[in-house]
Structures are given as structure tokens and as C-alpha cells.
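Peer 1: First the structure, which I've put down as C-alpha cells, then a few questions once you've had a look.
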Amino acid sequence: MISTIRFFHILPWTLRCALAVLLVATFTACRQKPTLSESTDLRSYNDGLGRTVKIRANPQRIISLAPNVTEILFELGLGERVIGVTSYCDFPEEAKTREKIGDTLNPNLERIIALKPDLVVITTASQLQNLTSRLDQLSVPVYITNPRTVRETVASIRKIGEVTGAAARAAEIADEMQRRITAVEKRVKVLPHPRVLYVLQIDPLITAGRNTFINDLINLAGGQSISGEETADYPQFSRETVIARAPEVIIAPASHGVGFVPEKDLRRDFATTPAIRSNRIVHVNSDWADRPGPRIIKGLEQIAQGLHPESP
């Protein structure tokens with residue numbers, strides 16, 4: 001997930017598989033199977049990929065493998081139960097004090113097992129399929145959340161609340177998020193929908209495709225993405241393609257990863273577009289817009305204001 005989408009080099013697939021197999025072999029030999037008394041309080045849930053997962057009621061030792069998941073768990077009031085997070089989990093501030101189990105795409109299987117979680121929550125990514133399989137083999141419950149739109153993000157918060165025994169708090173959060181979504185939709189419904197280029201990375205230029213929550217954010221905020229029909233989730237665009245599609249607004253994160261999307265580069269590369277000619281570059285908080293969690297509503301409102309500054 002962009003949130004979890006970070007454009008960096010990772011270990012070769014074959015090497016990661018080999019390491020995972022070695023670690024699993026070591027810990028499978030040492031791990032005891034749960035006793036009957038430990039297993040009787042299990043409940044079945046369907047996760048974001050449709051998998052049936054058996055999870056202990058009110059899990060007390062939770063590991064989060066994505067920044068948006070960490071934000072959801074803390075917003076649900078479950079911060080004390082979160083025993084492990086990734087190196088990218090930096091919100092809320094308290095999350096930084098939790099045990100680090102690697103980055104989003106390369107979590108440390110050995111450390112996860114050592115923490116003895118009764119629930120691991122991840123956001124879907126092909127790079128984590130092997131990890132999920134290994135944890136399943138070790139009887140560590142893995143719940144996968146897979147939101148692709150803003151409303152699916154709201155639904156995922158409700159579901160995580162059910163899984164963790166925080167359904168009432170999750171309903172409060174979800175209801176407030178839905179109220180604010182509706183308010184934005186009502187405000188922009190009758191306004192012109194400008195063509196939008198959303199820049200995730202400048203060199204090479206990466207934007208968001210049709211089946212992403214970023215594209216959904218743009219639509220809800222009263223815009224139309226110039227990459228909104230692309231089937232790839234995060235396609236690479238050429239300068240010529242952008243110019244030909246003539247965006248009227250360019251949206252760029254104030255920061256992404258460890259760097260910035262330089263405005264001078266946007267102005268240089270896309271000088272002939274309507275967006276630059278009319279000085280319409282909108283900066284958004286990348287943590288709000290890139291992470292499908294509770295703060296995505298702030299991202300929606302910020303984008304809507306940027307696209308329609310004339311609207312109250």
C-alpha cells in the first residue's frame with residue numbers, strides 16, 4: 001500500500017524465501033502446539049482477501065505490519081496491546097516506542113515469532129504472501145486487510161474493530177468518517193471536475209491507477225485523474241504522456257519516503273500544462289493521503305479544498 005508503497009530496492013525473492021524457510025524450520029521444531037484449553041476461545045472471521053481466519057477473542061498481543069494498520073489499532077484504543085510494528089509506523093508518537101520487526105516489505109519472521117503474538121495484522125502485498133503462509137503453518141493468526149477505496153477503508157476499520165474486540169469504538173470512528181465523506185461529496189457534486197495528475201514520485205514519474213484508494217480520493221474530492229483508467233495500480237508515466245493529457249491541477253505530497261517531490265521539477269517538466277500555466281500545484285500531507293486509515297478523511301478534505309478553493 002502506498003502507505004506502504006515505498007519505491008526502494010529489497011532483497012531478491014529467492015534469498016528472502018530461503019531465509020524464511022530456514023527460520024521456519026528452526027522455530028517449528030521449538031514451538032509447542034496450543035493446548036485444547038488455549039484453542040477453545042477461537043472465533044472465525046473472513047479477512048480482506050476472503051480467507052477464513054480463526055482468532056482468539058479479544059487478542060492481547062498484536063503485531064502490525066503496516067503504518068495504516070498501526071494507526072487504526074491505536075485509534076481503536078488498543079495501543080497497549082500492540083507489541084510490534086514496522087520501522088515505518090511513526091504515528092501516533094507512542095507507536096515509535098513499540099518493538100520494531102523490520103520494514104513493511106521485509107518483516108523479521110524470527111522476531112515476530114519471538115514476540116508470541118496472538119494476532120498479526122497486515123495489509124495485502126504480494127511480497128508478504130510467503131510470510132503469511134509461514135505464519136499460518138505456525139498457527140499464528142494472520143488477518144489481512146485489503147481496502148481499495150475510501151469507503152472500503154471505513155469498512156476495514158469496522159472489521160478490525162470486530163476482530164480485536166473494539167467494535168463499538170470502530171463504529172464511532174467509521175460513522176464519523178462516513179459523515180465527512182458525505183459532506184465532501186455534497187459540496188463538490190455540482191462543481192466542475194478538473195483533470196488531475198497525482199505525483200507519487202518524480203524520477204521516474206509514478207502516479208496512481210484506477211484500482212487505488214488515491215484514485216478514489218480524487219474522484220470523491222471532485223476531480224478526475226488523468227491516470228484514472230490505467231489498470232496498473234501505480235503506473236509509470238512519461239513527460240510526454242502527462243503533457244498530452246493536459247492536467248489542470250497537479251497534486252504532489254509534501255514529502256514521500258525520505259525525500260520531497262520538488263516543485264521546481266514539476267514546473268520544469270510540465271511547464272506547458274494548464275496546471276502550471278495557471279499555477280495550480282496542490283500539496284497534500286502524504287501520511288493522510290497515502291495511508292488507508294482514519295486520517296485518510298483529512299487527506300480527502302485537503303484534496304477537495306485544493307481542487308475547489310472557491311467552495312466553502
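Peer 1: Pick out the one residue from GLY79, GLY102, GLY84 that is of a type in the set (Gly, Ala, Ser), buried (at least 16 other Cβ atoms within 10 Å of the Cβ) and at pLDDT below 95.
Peer 2: Being of a type in the set (Gly, Ala, Ser), buried (at least 16 other Cβ atoms within 10 Å of the Cβ) and at pLDDT below 95 holds for just one of GLY79, GLY102, GLY84, which is GLY102.
Peer 1: Right, next: Which of the residues that make up the range 220-231 are within 16 Å of ILE202 (Cβ to Cβ) and over 20 Å from the mean Cα position of the chain (by Cα)? Lay out the reasoning, then the answer.
Peer 2: Quick first cut of the range 220-231, residues within 16 Å of ILE202 (Cβ to Cβ) only: 226-227.
Residue satisfying the conditions is ILE226 alone.
Peer 1: Further question: Pairs please, first residue from the range 174-194 and part of a helix (DSSP H, G or I), second anywhere and exposed (fewer than 11 other Cβ atoms within 10 Å of the Cβ), Cβ atoms under 8 Å, 6+ apart in sequence or on different chains.
Peer 2: From the range 174-194, the pairs are ARG187/PRO312.
Peer 1: Could you please tell me which pairs satisfy a Cβ distance under 6 Å, a separation of 6+ or placement on different chains, a first residue in the range 81-92 that is in contact (Cβ under 8 Å) with a residue 12 or more places away in the chain, and a second residue that is of a type in the set (D, E, K, R) and crowded, with 24+ Cβ neighbours inside 10 Å?
Peer 2: Every condition considered, the pairs that remain are PHE91/GLU71.
Peer 1: Further question: So, in the range 220-231, exactly how many residues are in a helix (DSSP H, G or I) and surrounded by fewer than 17 Cβ atoms within 10 Å (Cβ to Cβ)?
Peer 2: Counting residues in the range 220-231 that are in a helix (DSSP H, G or I) and surrounded by fewer than 17 Cβ atoms within 10 Å (Cβ to Cβ) gives 0.
Peer 1: Okay, moving on. Please pick out the residue among VAL199, VAL142 that is in contact with a helix residue (DSSP H, G or I) (Cβ under 6 Å, 6 or more places away or on another chain), crowded, with 16+ Cβ neighbours inside 10 Å and of a type in the set (A, V, I, L, M).
Peer 2: Testing whether each residue is in contact with a helix residue (DSSP H, G or I) (Cβ under 6 Å, 6 or more places away or on another chain), crowded, with 16+ Cβ neighbours inside 10 Å and of a type in the set (A, V, I, L, M) leaves just VAL142.
Peer 1: Ok, one more. When you check VAL53 against the structure, is it surrounded by 24 or more Cβ atoms within 10 Å (Cβ to Cβ) and not in a helix (DSSP H, G or I), yes or no?
Peer 2: no
Peer 1: Where residues in the range 232-259 are within 20 Å of the chain's Cα centre (by Cα) and modelled with pLDDT of 90 or more, which of them is surrounded by the most Cβ atoms within 10 Å (Cβ to Cβ)?
Peer 2: Here the answer is ILE251.
Peer 1: Identify all residues within the range 181-210 that are of a type outside the set (A, V, I, L, M, F, W, C) and closer than 15 Å to ALA289 by Cα; write none if there are none.
Peer 2: Residues satisfying the conditions are TYR198, GLN201, THR207, GLY209.
Peer 1: Working carefully through the options GLN236, GLN224, find the one that is in contact with a Lys or Arg (Cβ under 7 Å, 6 or more places away or on another chain) and over 27 Å from LEU73 (Cα atoms).
Peer 2: GLN224
Peer 1: Separate question: How about the range 100-154: which of its residues are part of a helix (DSSP H, G or I) and within 30 Å of ALA221 (Cα to Cα)?
Peer 2: Answer for the range 100-154, where residues must be part of a helix (DSSP H, G or I) and within 30 Å of ALA221 (Cα to Cα): SER126, VAL150, ARG151, GLU152, THR153, VAL154.
Peer 1: Please determine, by comparing only the residues of the range 203-219 that are surrounded by 23 or more Cβ atoms within 10 Å (Cβ to Cβ) and not hydrophobic (A, V, I, L, M, F, W, C), which one is nearest to ALA271 (Cα to Cα).
Peer 2: Let us first name the residues in the range 203-219 that are surrounded by 23 or more Cβ atoms within 10 Å (Cβ to Cβ), namely 207-208, 212-218.
This time we only want the ones that are not hydrophobic (A, V, I, L, M, F, W, C), so: 207, 212, 215-216.
Working: THR207: 18, THR212: 27, ASN215: 24, ASP216: 27 Å.
Filtering the range 203-219 for residues that are surrounded by 23 or more Cβ atoms within 10 Å (Cβ to Cβ) and not hydrophobic (A, V, I, L, M, F, W, C), the one nearest to ALA271 (Cα to Cα) comes out as THR207.
Peer 1: Kindly indicate whether ARG210 is charged (D, E, K, R), assigned by TED's automatic domain parsing to the domain that holds TRP288 and part of a helix (DSSP H, G or I).
Peer 2: no
Peer 1: How many of the residues making up the range 105-131 are without any contact (Cβ under 8 Å) to a residue 40 or more places away in the chain and either among the aliphatic types (A, V, I, L, M) or touching a Lys or Arg at 6+ places or on another chain (Cβ under 9 Å) (or both)?
Peer 2: Residues that pass the stated criteria total 3.
Peer 1: What is the number of the single condition among (1) assigned to a loop (DSSP other than H, G, I, E, B); (2) within 24 Å of THR149 (Cβ to Cβ) that PRO309 does not meet?
Peer 2: (2)
Peer 1: Quick one: how many residues across the range 260-283 are under 23 Å from the mean Cα position of the chain (by Cα) and either within 15 Å of PRO204 (Cβ to Cβ) or of a type in the set (A, V, I, L, M) (or both)?
Peer 2: So the count comes out to 2.
Peer 1: Can you find, within the range 260-292, the residue that is nearest to ALA170 (Cα to Cα) among those that are crowded, with 22+ Cβ neighbours inside 10 Å and at pLDDT 95 or above?
Peer 2: ALA275
Peer 1: If you don't mind, another one. Does at least one position in the range 186-196 carry a residue that is crowded, with 22+ Cβ neighbours inside 10 Å and of a type outside the set (Ser, Thr, Tyr)?
Peer 2: Yes; the residues of the range 186-196 include at least one that is crowded, with 22+ Cβ neighbours inside 10 Å and of a type outside the set (Ser, Thr, Tyr).
The values are calculated or read from the model by the stated rules, or taken from the named source; none is laboratory data. Small disclaimer: the values here were computed from a predicted structure and weren't measured. Positions of Cβ are generated from backbone atoms using ideal geometry, with glycine treated the same way; all protein chains shown enter the neighbour counts.
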